[in-house]
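Novice: Quick one: the structure is below, questions incoming.
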(Lines give C-alpha, C1' and ligand atoms only; values in the text may rest on other atoms or scores of the structure.)
Protein backbone atom coordinates (compact mmCIF):
# COMPACT_ATOMS: atom_id res chain seq x y z
CA UNK A 1 0.00 0.00 0.00
CA UNK A 2 2.79 2.42 0.86
CA UNK A 3 4.55 1.74 -2.44
CA UNK A 4 1.38 2.57 -4.39
CA UNK A 5 1.03 5.82 -2.45
CA UNK A 6 4.69 6.68 -3.08
CA UNK A 7 4.36 5.95 -6.82
CA UNK A 8 1.19 8.07 -6.96
CA UNK A 9 2.90 11.00 -5.18
CA UNK A 10 5.93 10.86 -7.51
CA UNK A 11 3.68 10.75 -10.59
CA UNK A 12 1.67 13.70 -9.28
CA UNK A 13 4.86 15.71 -8.68
CA UNK A 14 6.11 14.98 -12.21
CA UNK A 15 2.81 16.12 -13.74
CA UNK A 16 2.75 19.25 -11.56
CA UNK A 17 6.23 20.23 -12.76
CA UNK A 18 5.52 19.42 -16.42
CA UNK A 19 2.46 21.68 -16.77
CA UNK A 20 4.31 25.05 -16.42
CA UNK A 21 7.07 23.82 -18.72
CA UNK A 22 4.58 22.96 -21.46
CA UNK A 23 2.93 26.37 -21.02
CA UNK A 24 6.05 28.28 -21.98
CA UNK A 25 8.69 27.24 -19.51
CA UNK A 26 8.11 30.10 -17.11
CA UNK A 27 4.62 29.45 -15.82
CA UNK A 28 3.26 32.61 -17.46
CA UNK A 29 1.41 30.72 -20.17
CA UNK A 30 0.85 31.31 -23.82
CA UNK A 31 1.25 35.10 -23.94
CA UNK A 32 5.04 34.88 -23.81
CA UNK A 33 5.14 31.86 -26.13
CA UNK A 34 3.04 33.69 -28.72
CA UNK A 35 5.21 36.78 -28.35
CA UNK A 36 8.37 34.73 -28.96
CA UNK A 37 6.82 33.12 -32.04
CA UNK A 38 5.72 36.51 -33.39
CA UNK A 39 9.18 37.93 -32.73
CA UNK A 40 10.69 35.12 -34.83
CA UNK A 41 9.19 36.83 -37.91
CA UNK A 42 11.13 39.86 -39.19
CA UNK A 43 10.29 43.04 -37.32
CA UNK A 44 8.73 45.82 -39.40
CA UNK A 45 8.45 49.57 -39.08
CA UNK A 46 6.06 51.81 -41.04
CA UNK A 47 5.30 55.53 -40.95
CA UNK A 48 1.85 56.97 -41.62
CA UNK A 49 1.77 60.73 -41.13
CA UNK A 50 2.82 61.43 -37.55
CA UNK A 51 2.46 57.83 -36.40
CA UNK A 52 5.15 55.14 -36.47
CA UNK A 53 4.12 51.49 -36.18
CA UNK A 54 6.41 48.65 -35.10
CA UNK A 55 5.33 45.03 -35.49
CA UNK A 56 6.87 41.62 -34.75
CA UNK A 57 9.21 43.24 -32.22
CA UNK A 58 10.76 41.05 -29.53
CA UNK A 59 9.15 41.17 -26.08
CA UNK A 60 12.39 42.58 -24.66
CA UNK A 61 12.84 46.14 -23.48
CA UNK A 62 12.36 48.38 -26.52
CA UNK A 63 13.66 51.91 -27.09
CA UNK A 64 12.53 54.31 -29.82
CA UNK A 65 15.03 56.53 -31.65
CA UNK A 66 14.41 59.49 -33.97
CA UNK A 67 17.26 60.48 -36.29
CA UNK A 68 17.79 63.41 -38.66
CA UNK A 69 20.76 63.47 -41.04
CA UNK A 70 22.13 60.28 -39.46
CA UNK A 71 22.35 61.78 -35.96
CA UNK A 72 20.05 60.76 -33.13
CA UNK A 73 18.11 63.73 -31.82
CA UNK A 74 15.51 61.98 -29.64
CA UNK A 75 15.30 58.63 -27.97
CA UNK A 76 13.19 57.18 -25.22
CA UNK A 77 12.26 53.92 -23.57
CA UNK A 78 8.98 52.37 -24.68
CA UNK A 79 9.10 49.38 -22.33
CA UNK A 80 8.05 45.77 -22.91
CA UNK A 81 5.37 44.57 -25.33
CA UNK A 82 4.44 40.92 -25.11
CA UNK A 83 2.29 41.42 -28.22
CA UNK A 84 5.36 42.65 -30.13
CA UNK A 85 3.70 45.85 -31.37
CA UNK A 86 4.18 49.56 -30.68
CA UNK A 87 2.40 52.65 -32.00
CA UNK A 88 4.32 55.90 -31.44
CA UNK A 89 3.15 59.44 -32.18
CA UNK A 90 5.93 61.67 -33.50
CA UNK A 91 6.07 65.44 -34.06
CA UNK A 92 5.87 67.03 -37.51
CA UNK A 93 9.01 66.46 -39.55
CA UNK A 94 11.08 69.39 -40.80
CA UNK A 95 13.02 67.13 -43.16
CA UNK A 96 13.86 63.47 -43.73
CA UNK A 97 13.70 61.40 -40.55
CA UNK A 98 14.59 57.84 -39.64
CA UNK A 99 12.76 56.00 -36.86
CA UNK A 100 14.17 52.96 -35.10
CA UNK A 101 12.82 50.44 -32.62
CA UNK A 102 15.92 49.29 -30.75
CA UNK A 103 17.19 47.18 -27.88
CA UNK A 104 18.34 48.56 -24.56
CA UNK A 105 21.60 50.47 -24.97
CA UNK A 106 25.01 49.49 -23.66
CA UNK A 107 28.59 50.66 -23.93
CA UNK A 108 30.04 54.09 -23.25
CA UNK A 109 27.19 56.60 -22.82
CA UNK A 110 24.72 54.04 -24.21
CA UNK A 111 26.19 54.40 -27.68
CA UNK A 112 25.57 50.79 -28.71
CA UNK A 113 22.26 49.08 -29.39
CA UNK A 114 20.61 46.58 -31.72
CA UNK A 115 18.10 47.88 -34.27
CA UNK A 116 15.03 45.64 -34.41
CA UNK A 117 13.24 47.64 -37.14
CA UNK A 118 13.86 50.92 -38.96
CA UNK A 119 11.86 53.10 -41.35
CA UNK A 120 12.19 56.55 -42.89
CA UNK A 121 9.94 59.38 -44.04
CA UNK A 122 10.57 62.65 -45.84
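The values are calculated or read from the model by the stated rules, or taken from the named source; none is laboratory data. No experiment lies behind these values; they were computed from the predicted model shown. A quick note on method: Cβ atoms are made from the backbone with ideal geometry, for glycine too, and the neighbour counts reach across all protein chains shown.
Novice: Just checking, how many residues over segment 101-115 are over 14 Å from the mean Cα position of the chain (by Cα) and surrounded by fewer than 14 Cβ atoms within 10 Å (Cβ to Cβ)?
Specialist: 7
Novice: Suppose the filter is assigned to a loop (DSSP other than H, G, I, E, B) and either within 14 Å of the chain's Cα centre (by Cα) or closer than 20 Å to residue 47 by Cβ (or both); does residue 98 pass it?
Specialist: When the stated conditions are applied, residue 98 does not pass them.
Novice: Let me ask you something else. Give me the pairs: first residue in segment 107-122 and not assigned by TED's automatic domain parsing to the domain that holds residue 73 and modelled with pLDDT of 95 or more, second residue surrounded by 11 or more Cβ atoms within 10 Å (Cβ to Cβ) and part of a loop (DSSP other than H, G, I, E, B), beta-carbon distance under 7 Å, and six or more apart or on different chains, which are they?
Specialist: No pair meets every condition.
Novice: In addition: Collect the residues in segment 78-95 that are in a strand (DSSP E or B) and touching a residue at least 24 places away in the same chain (Cβ under 8 Å), keeping them in residue-number order. Give the derivation first.
Specialist: Going residue by residue through segment 78-95, those that are in a strand (DSSP E or B) are 78-79, 86-89.
Result: 86, 87, 88, 89.
Novice: On to the next question. Given the conditions (1) under 16 Å from residue 120 (Cα atoms); (2) at pLDDT below 95, and given that residue 40 satisfies all but one, which numbered condition is not satisfied?
Specialist: Looking at each condition in turn, residue 40 falls short on (1).
Novice: So which residues in segment 86-97 are touching a strand residue (DSSP E or B) at 6+ places or on another chain (Cβ under 7 Å) and loosely packed, with under 13 Cβ neighbours inside 10 Å, if there are any at all?
Specialist: Within segment 86-97, 87, 89, 95, 96 meet the criteria.
Novice: Kindly indicate the residue of segment 53-80 that is buried (at least 18 other Cβ atoms within 10 Å of the Cβ) and under 23 Å from residue 110 (Cα atoms) and also farthest from the chain's Cα centre (by Cα) among those meeting that condition.
Specialist: Checking each candidate, the answer is 66.
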